[in-house]
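*Asks:* Pasting a structure below so you can have a look.
Quick note: the coordinates plus some simple rules give every number you see, no bench work behind them. The structure displayed is predicted, hence computed values, not measured ones. For neighbour counting, all protein chains shown are included, and Cβ atoms are generated from backbone atoms with ideal geometry for every residue, glycine included.
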């Protein structure tokens, strides 16, 4: 079995954490939609996006096992924060729930693009998967804006908080 470079190990560790985090955010949103907030259309939209995130997460789960990479030690915390972010943003309303998706996906777009640009020909399959996942994430971002995400007014602060938190989680998950 070929040795995975430390850079590729970081990519897989952080992408696994990020995709799992996305699943947890959607789980939190669905928890709010199944208990306190009634919006069947939004629920359907989120369930569809969650399906993609599960596919992405499962791919990175397999890569972690196949390449014998340790997942980030922060997974339990990221799980908790993801569910909390999803639940809380949905309690604030549809615009906030969709902004949560848009803000995260904007960070992930740049993150995945950076990885795609750094991966060499020896990681052709990984590069192909990350490229496909990036396309899915961009589609989620577009859906979020079509569904009412906005950065106007108070939402601009929420956008900055979510993006900052996402970047911090990325930086930590790459290393630990």
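*Asks:* Please order 62, 7 by the number of other Cβ within 10 Å, starting at the fewest.
*Replies:* Numbers: 62 11, 7 14.
So the ranking, lowest neighbour count to highest, is 62, 7.
*Asks:* Between the stretch 152-176 and the stretch 50-106, how far is it from one alpha carbon centroid to the other, in angstrom?
*Replies:* A separation of 13 Å, based on Cα centres.
*Asks:* Evaluate the relative contact order of the stretch 83-146 (contact order divided by residue number), counting alpha-carbon pairs under 8 angstrom at least 6 apart; express in whole percent.
*Replies:* Details: 42 pairs, mean separation 26.6, N = 64.
Worked out over the stretch 83-146, it gives 42 percent.
*Asks:* Would you mind checking the radius of gyration and Dmax of the chain based on alpha-carbon positions, in Å?
*Replies:* Calculated on Cα positions, Rg and Dmax stand at 15.9, 53 Å.
*Asks:* Below 8 Å between Cα atoms, with a sequence gap of 6+, how large is the relative contact order for the chain in percent?
*Replies:* Details: 197 pairs, mean separation 53.4, N = 176.
Here the relative contact order equals 30 percent.
*Asks:* For 26, 145, which order do you get if you count the other beta carbons within 10 Å of each Cβ and list the fewest first? Kindly include the intermediate steps, with their values, before the conclusion.
*Replies:* Numbers: 26 27, 145 15.
Listed from fewest to most nearby Cβ atoms, that is 145, 26.
*Asks:* Quick check on the exposure proxy: order 74, 87 from fewest to most C-beta atoms within 10 angstrom.
*Replies:* Values: 74 15, 87 21.
So the residues, fewest neighbours to most, are 74, 87.
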